[in-house]
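Contents: one structure, followed by commentary.
We did not get these values from a lab; they are worked out from the coordinates using the rules stated. These numbers were taken from a predicted model, which means no experiment stands behind them. As a convention, Cβ positions derive from the backbone with ideal geometry for all residues, glycine included, and neighbour counts pool all protein chains shown.
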Amino acid sequence: MTTAPRLLTLIAELTYACPQRCAYCSNPTHLTRQGRALSDEDWMRVIDDAEALGALQVHFTGGEPLLYGGLARLVARARERELYVNLVTSGSPLSRRRLAELAQAGLEHLQLSIQAPSHDKSIEIAGVDLLQQKLKVAAWAKELGLQLTINIVLHRENVGELSELLALAEGLEPHRIELANVQYLGWALSNRARLMPSREELESARRLAAAAQERLKGRTDVLFVLPDYYAERPRACMGGWAQSYMVVTPDGLALPCHAARAITGLHFDDVRRHPLAAIWREGSAFQEFRGTDWHPEPCRSCPERHKDFGGCRCQAFALTGDTRATDPACSLSPHHGVIREARGARAPRGELLTLRRAPSVDRNLQ
Amino acid sequence: MASIAPLNQASRPRLRPGIRLRHDRSSGQLVLLAPERGLALNASAGEIIQRCTGELTVEEIATELMHIHRDLSLPELEVQVMHFLRRLMDRGLLTMEMTR
């Protein structure tokens, strides 16, 4: 049942800089301890080595990957290596001409985020209004023959407008619509009381998603991802720790997941100092929670341990202080109470989001 | 959407733009690459998908595969091919060229 770990997907975080300032950003909350940024040449070697290890996909992401000047060169390199090339983006800054260049270089799939159906709400959530720009980018992507995913991160601030959001997204005729509820790590954990939907809001969103799935069958795939806090069983985060994903940060650290940098006590190797294959196979952070042998109870004797791998390590660390603990999202966890309490501890509506990542300054900006 | 042509013996299936077939060195299999997905294909699935170029009709594809599936009649094979193609269509990976 357990298959051998195999790197399938490289997640290349090209920069932490971003025009948006979402209160649930998955980038680290402390950006001060960054090392030197990777160069184009470093990234090309990472791409080559990931493919040699077996990777089939690369996600160029960030921050905002469009702020990385050498993006087209990296896209071309990845495509040369036959990797499936995804770009995860806010859609800004981007002209039609640059998108055409990226498509020409080998880009195949654009995942475009939309925060809200209105300008005011977009500003409230992302700190900037890019809605018109995003609509243009979606149309260009279709014209250029790219696969298009509209990604909508759901939380209390926009879950009530899901009908409008779906109508907007459907109008763009994307291939996929991803309705991903916020997971409460990093920035989102700091803003949890403000972002957490109620069970009723979530149920109603789930019904809308199911109706859209039915309505759009064969044209647009609609995915709905529950927040861990309402799931009762943990997610196999990243398909299991170090099972198929590797994240490389703008400053060259190889991580088993986006949020892993927040776990203190783990050592992450620099891709400039060690071969990627060695990091993947023997790197201490990758080995630490790979598989199921390290599991404590209640995971150790749980029949679902090969399915969910004990859930999310970052969440376990953030909520219990113990990285080896069962993910408290699991109702069998002795710490599950903190999840139940958080569902109820919602800040009064209308209270401003106080914690937000600062406007970005980045060395890669050219 | 350009064409929502029906699926029958005369349809010409083609992978949607941005969906790509590649050889996977590790497994020796063909994989179908799509956003967030890589579908490992068994030998017969690979034989079908390699022929989904928008040129051949379902009937022509089934005819070409007759030598691999000697136990099946052409109509039986067509039904199986269409059943497989339908699943790919439902997952948004395949489209049908309008009959020419």
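Annotations for the structure displayed:
- Debye, to nearest 20: dipole size of the range A:195-312, +1 on Lys, Arg Cβ, -1 on Asp, Glu Cβ: 340 debye
- Counting Cβ atoms of other protein chains within 10 Å of each residue's Cβ and taking the mean over peptide B:32-41 gives 6.
- Spacing of the two label points (7 Å from each Cα toward its C-beta) at residue A:200 and residue A:272, in nm: 5.5 nm
- Extent along the principal axes, Cα only, for the range A:16-93: 36, 27, 21 Å, with the longest axis given first.
- Considering only A:197, A:223, A:242, and ranking their Cα positions along the charge dipole of chain A that arises from unit charges at the beta-carbon of Lys, Arg, Asp and Glu, the one farthest toward the positive end is A:197.
- Annotation: amide H-H contacts under 5 Å for residue A:11 (H modelled 1.01 Å from N, sequence separation of 5 or more, or interchain): A:59, A:246, A:247, A:248.
- Based on alpha-carbon atoms, the Kirkwood radius and the radius of gyration of the range A:104-211 give Rg/Rh equal to 0.99.
- Just checking the listed ones, A:107, A:53, A:87: in the Gaussian network model of chain A with Cα springs under 10 Å, the one fluctuating most is A:53.
- Helical segments meeting 15 Å axial Cα length and Kyte-Doolittle -1.0 threshold in chain A (DSSP H): A:40-53, A:131-143
- Computed 3J(HN,Hα) for the range A:294-309, one whole-Hz value per residue from the Karplus formula 6.51 cos²θ - 1.76 cosθ + 1.60 where θ = phi - 60°, is 7, 4, x, 6, x, 5, 3, 9, 8, x, 9, 5, 7, 8, 10, 6, glycine and proline marked x.
- Look at the dipole of the protein assembly as shown built from charges on Cβ: of A:135, B:69, A:46, the Cα furthest out on the positive end belongs to A:135.
- The Kirkwood hydrodynamic radius of chain B, based on inverse pair distances between different Cα atoms, is 13.8 Å.
- Rounded to two decimals, the Cα radius of gyration of the protein assembly as shown over 2.2 N^0.38 Å is 1.00.
- The range A:68-148 - Kirkwood radius from inverse mean 1/r over Cα pairs (Å): 13.2 Å
- Modelled label positions at residue A:100 and residue B:91, each set 7 Å beyond Cα in the direction of Cβ, lie 3.4 nm from each other.
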